[in-house]
Amino acid sequence: MSRGRRRNGTNTMQCFSNAERRIGKQRLEELQSGCRAGVYSPEILKAACKEFEFIEPLILLSIRQGKSFDRLQILWELGEMERPAVSRSGFYRFRRRFFANLDRELKERGA
């Protein structure tokens, strides 16, 4: 049996891509550039992180500064920040969810 598959062939890993969350590549780039430029207010960003507050600072740092998980890993190895309670795949899953939530928040607020 392959990793992440049940005997009946269904996938056990619930990792959705941005396309499955209905965010196109162009829209994703718009959201990323808006976050880096500081276009969105802190309350909108906080609302986009409402499901995973425990990793919010790390997600926002990664998005605002364009840092990957590996770059952030260097910071906690140097003792500049605390190690997150998630794995690499978990980190990127929360990051994808952040953009889906941000897109939804902006559509709800009409921004």
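Since every read-out is calculated from the coordinates, none of them should be taken as a lab result. The shown structure was predicted, so the numbers you read here are calculated from the model rather than taken from an experiment. FYI the Cβ positions are ideal-geometry reconstructions off the backbone, even for glycines, and counts take in every protein chain you see.
Annotation: peptides 90-98, 52-60, 67-75, ranked by per-residue average of other Cβ atoms within 10 Å with the highest first, follow the order 90-98, 52-60, 67-75.
If the cut-off is 19 Å between C-alpha atoms, which lysines fall inside it for K50, apart from same-chain ones fewer than 8 positions away? Result set, ordered by chain and number: K107.
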